[in-house]
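**Student:** The structure under discussion is supplied below as structure tokens; questions concerning it will follow.
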Amino acid sequence: MAEMIAPRQGYGEALVRLGEKHNDVVVLDADCAKANLTTMFKGKYPNRFFNIGISECDLVGTAAGLAVAGKVPFANAYANFLTGRAFDQMRVSVCYSNNNVKIVGHNAGTSAAQEGATHLPLEDISLMRSLPRMTVIVPADSLEMEKAVEAAYHFEGPVYLRVGKLPVPVVTKREDPFVIGKAKFYKEGGDVSIISTGIMLDEALKAAEELETQGISAEVIHVHTIKPIDAEAIIKTASKTKHVVTVEEHSIIGGLGSAVAEVLSENCPVPVKRVGTNDRFGVSGKMDELLDFFELRSHRIVSSAFELLKEKAPV
Amino acid sequence: MTITVEKNAYLKDLTKKIRRHIVKMTHHAGSGHPGGSLSATELLTVLFNEHMRVDPKNPDWNDRDCFFLSKGHCTPVYYSVLAEKGFFPVEELMTFRDVDGRLHGHPCGEHIPGVDISSGSLGQGLSVGNGVALAAKLDGSERRSYVMIGDGELQEGQVWEAAMTTAHYNLDNVCAIIDWNKIQLDDFVENVKGVKNLGDKFRSFGWHVIEIDGHDLEQVDEAYREAERTKGRPTAILAHTVKGKGISFMEDTHEWHGLAPNDEQLEIALKELE
Ligand SMILES: Cc1ncc(C[n+]2csc(CCOP(=O)(O)OP(=O)(O)O)c2C)c(N)n1
């Protein structure tokens, strides 16, 4: 059994390490520091931490000003409120102004759990992906989160980082390289490609195992950077397997599934099935229950793969 | 008297020059915002020429003061003041809003020397100004940030989120300039959604408030000095102005908020500005 760690844990720790090494790192939160674990940074570097209060638009604007003055701000809030309310501030004060601001959306996907639909960010990737100049990173687990924080700091320009709240299995390895914009092949296979993002890597790997027992060889690719998307890796696997299933803890509209379909329809048109939350709001429930509710599970990836393979087989 | 007679004459002349640019630029483009540019002319001219620590030869100088035009539509006055200050050639003003130029309808922070942020979506400037001011406090720097906000723009909630932040962090290196011309896009501000008792509003948010005639060069200059002297809290300069100031037919009407003069109107305007 893989170890269970909350991605926000890795995030909070990585931020402290970053603060240790780099004086220009500043952290802002919108009255959710305890939940977002930016309290760790605040504890060590109180002068470089700013609680802007419950005002997400002001949070993002203030971060933009700090970046104008040469700081590297990490602006934290719940992903739904941050990307929903402060979209225009990200558009004008951050991206159009090309300011080096790191936007960190917390409580990602189903990890908002029992808070229910208002708090379940299922559209944030879609929104962030549409902004020119925005880089969008969705790590698989706490370990990859740590690397993503480091990489985001060293990357010059606006970044959106998606952080989950609740413990999920650590499936990546300490020695795995992390390069922004570079997808990672986790398993070779020839019949179907499973392309996942975020915490869905775990279910993708399980699905590949299940398919193996049924005689189907699946390739698993983890896309932690949704923008810029690694078109080369996606085209490579699709031209090999000719069948693609995408998996994300997010709406099937505008997220990973859309990004992959965009690449493939223009470069390598093969059938694609998108697994994600359908065009609907969330409900209240434990994270596990929500993953079941939305069928963000290996069995759905397996059945999607079979549907694709059936489509191909001449009747 | 804070400014000498000679200086006053020089600045007066400069504001006239800038008003001529404003009408010529909007005429050139066939669009743009003369009303709120003409009301802000003295405020920006005095700020850039007498108070801001900036270096047109080195616009990205680390310790410079920053200005953010939160009411980003008023590029005619902003670009004119920057050009006259030497940030880019005055001739370039006649490329205003041209597709192959960089002087876009609303300012782009990336491309224009002297412009530190893109704006045009109202309500965002004060937050950005606060960010620079926080960084300055952190670095022990003397740099100041100035933010110009329209009175209609005060209807945007983010302005008040930011006003709380400025006061909470005691950012006495922030100076907000409210171009209180009483008119927004559609109508008089009081008819759309009034912003009455503005002084009380800012005072109750923890700000030092200075109320002036925004077309009186002396008063404008003294207000910036008082802002610089004020310690422990931010300053809001509430500047009573006239929208369209200086051109008889543009004054005190919403009609000229976002309208360019035609050939004939340009001629009359330039005559009035001789
Ligand atoms: C967020 C946003 N909403 C609407 C507009 C359209 N708009 C441009 S100027 C303006 C009126 C601004 O009035 P005021 O702030 O009083 O400016 P001034 O009179 O000084 O020109 C409006 C509604 C905008 N630019 N941004």
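The values are calculated or read from the model by the stated rules, or taken from the named source; none is laboratory data. Values in this document were obtained by computation on a predicted structure and should not be read as measured data. A quick note on method: Cβ atoms are made from the backbone with ideal geometry, for glycine too, and the neighbour counts reach across all protein chains shown.
**Student:** Checking A:Cys95 against (1) within 24 Å of B:Gly109 (Cα to Cα); (2) within 11 Å of chain B (Cβ to nearest Cβ); (3) not in a helix (DSSP H, G or I), which single condition isn't satisfied?
**Tutor:** (3)
**Student:** Of all residues being of a type in the set (A, V, I, L, M, F, W, C) and assigned to a loop (DSSP other than H, G, I, E, B) in the stretch A:173-199, which is surrounded by the most Cβ atoms within 10 Å (Cβ to Cβ)? Just the residue, please. If you could, list the steps in order and put the result at the bottom.
**Tutor:** Quick first cut of the stretch A:173-199, residues of a type in the set (A, V, I, L, M, F, W, C) only: A:178-180, A:183, A:185, A:192, A:194-195, A:199.
Still in the list and also assigned to a loop (DSSP other than H, G, I, E, B): A:178-180, A:183.
Values: A:Phe178: 19, A:Val179: 12, A:Ile180: 19, A:Ala183: 22.
Within the stretch A:173-199, the match that is surrounded by the most Cβ atoms within 10 Å (Cβ to Cβ) is A:Ala183.
**Student:** Scan the stretch B:17-59 for residues that are of a type in the set (A, V, I, L, M) and under 14 Å from the mean Cα position of the chain (by Cα) and report the count. Can you show your working first?
**Tutor:** Step one: list which residues in the stretch B:17-59 are of a type in the set (A, V, I, L, M), which gives B:18, B:22-23, B:25, B:29, B:38, B:40, B:43-44, B:46-47, B:52, B:54.
With under 14 Å from the mean Cα position of the chain (by Cα) added as a condition, the list becomes B:18, B:22, B:38, B:40, B:43-44, B:46-47, B:52.
Residues that pass the stated criteria total 9.
**Student:** How many of the residues making up the stretch A:49-58 are part of a helix (DSSP H, G or I) and at the interface with another protein chain (Cβ under 8 Å from one of its Cβ atoms)? Before you say what the answer is, go through the steps one by one.
**Tutor:** Initial filter on the stretch A:49-58 (part of a helix (DSSP H, G or I)): A:56-58.
Subset that is at the interface with another protein chain (Cβ under 8 Å from one of its Cβ atoms): A:57-58.
Count: 2.
**Student:** Looking at the stretch B:41-60, can you tell me whether even one residue there is touching a residue at least 60 places away in the same chain (Cβ under 8 Å), within 16 Å of the ligand (Cβ to nearest atom), in a loop (DSSP other than H, G, I, E, B) and touching a helix residue (DSSP H, G or I) at 6+ places or on another chain (Cβ under 8 Å)?
**Tutor:** no
**Student:** Just need a number here: residues in the stretch B:86-122 that are within 16 Å of the ligand (Cβ to nearest atom) and touching a residue at least 24 places away in the same chain (Cβ under 8 Å).
**Tutor:** The number of residues fulfilling the criteria is 11.
**Student:** Can you tell me which residues in the stretch A:24-48 are within 11 Å of chain B (Cβ to nearest Cβ) and either part of a strand (DSSP E or B) or of a type in the set (Gly, Ala, Ser) (or both)?
**Tutor:** Those that are within 11 Å of chain B (Cβ to nearest Cβ) and either part of a strand (DSSP E or B) or of a type in the set (Gly, Ala, Ser) (or both): A:Val26, A:Leu28, A:Ala30.
**Student:** Can you tell me how many residues in the stretch B:130-151 are touching a residue at least 60 places away in the same chain (Cβ under 8 Å) and within 16 Å of the ligand (Cβ to nearest atom)?
**Tutor:** Residues flagged as touching a residue at least 60 places away in the same chain (Cβ under 8 Å) and within 16 Å of the ligand (Cβ to nearest atom) within the stretch B:130-151 amount to 5.
**Student:** In the stretch B:252-266, which residues are within 14 Å of the ligand (Cβ to nearest atom) and closer than 16 Å to B:Cys74 by Cβ?
**Tutor:** Taking the stretch B:252-266 and keeping what is within 14 Å of the ligand (Cβ to nearest atom), we get B:252-259.
Residues satisfying the conditions are B:His254, B:Trp256, B:His257, B:Gly258, B:Leu259.
**Student:** Take the stretch B:61-85 and flag every residue that is within 16 Å of the ligand (Cβ to nearest atom) and within 14 Å of another protein chain (Cβ to nearest Cβ).
**Tutor:** B:Phe67, B:Phe68, B:Leu69, B:Ser70, B:Lys71, B:Gly72, B:His73
**Student:** Scan the stretch B:132-163 for residues that are closer than 16 Å to A:Val60 by Cβ and at the interface with another protein chain (Cβ under 7 Å from one of its Cβ atoms) and jot them down.
**Tutor:** B:Val132, B:Leu134, B:Ala135, B:Gln158, B:Glu161, B:Ala162
**Student:** Since B:Asp186 meets every condition but one in (1) over 16 Å from the mean Cα position of the chain (by Cα); (2) more than 12 Å from the ligand (Cβ to nearest atom), which condition does it not meet?
**Tutor:** Going through the list (1) over 16 Å from the mean Cα position of the chain (by Cα); (2) more than 12 Å from the ligand (Cβ to nearest atom), B:Asp186 breaks only (2).
**Student:** Which pairs have Cβ atoms under 7 Å, sit 6 or more apart or on different chains, and link a residue in the stretch B:67-80 that is under 21 Å from B:Trp160 (Cβ atoms) to one that is crowded, with 24+ Cβ neighbours inside 10 Å and of a type in the set (Asp, Glu)?
**Tutor:** B:Phe68/B:Asp116; B:Ser70/B:Glu153; B:Lys71/B:Glu153; B:Lys71/B:Asp179
**Student:** Being buried (at least 24 other Cβ atoms within 10 Å of the Cβ) and either modelled with pLDDT of 95 or more or outside the structural domain of A:Asp292 (by TED's automatic domain parsing) (or both) is true for just one of A:Lys42, A:Lys102. Which residue is that?
**Tutor:** The match here is A:Lys102.
**Student:** Just give me the residues in the stretch B:109-123 being of a type in the set (A, V, I, L, M, F, W, C) and either part of a helix (DSSP H, G or I) or more than 7 Å from chain A (Cβ to nearest Cβ) (or both), in sequence order.
**Tutor:** If the condition is that a residue be of a type in the set (A, V, I, L, M, F, W, C) and either part of a helix (DSSP H, G or I) or more than 7 Å from chain A (Cβ to nearest Cβ) (or both), then B:Ile112, B:Val115, B:Leu122 are the ones that fit.
**Student:** Something else: Checking A:Gly84 against (1) away from chain B (no Cβ under 13 Å); (2) surrounded by 24 or more Cβ atoms within 10 Å (Cβ to Cβ): exactly one of these is not met. Which one?
**Tutor:** So the condition that A:Gly84 fails would be (2).
**Student:** Enumerate the pairs (first residue in the stretch B:169-185 and within 14 Å of another protein chain (Cβ to nearest Cβ); second residue anywhere and within 9 Å of the ligand (Cβ to nearest atom)) with beta-carbon separation below 7 Å, excluding pairs fewer than 6 apart on the same chain, so at least 6 apart or on different chains.
**Tutor:** The qualifying pairs are B:Ala176/B:Ile149.
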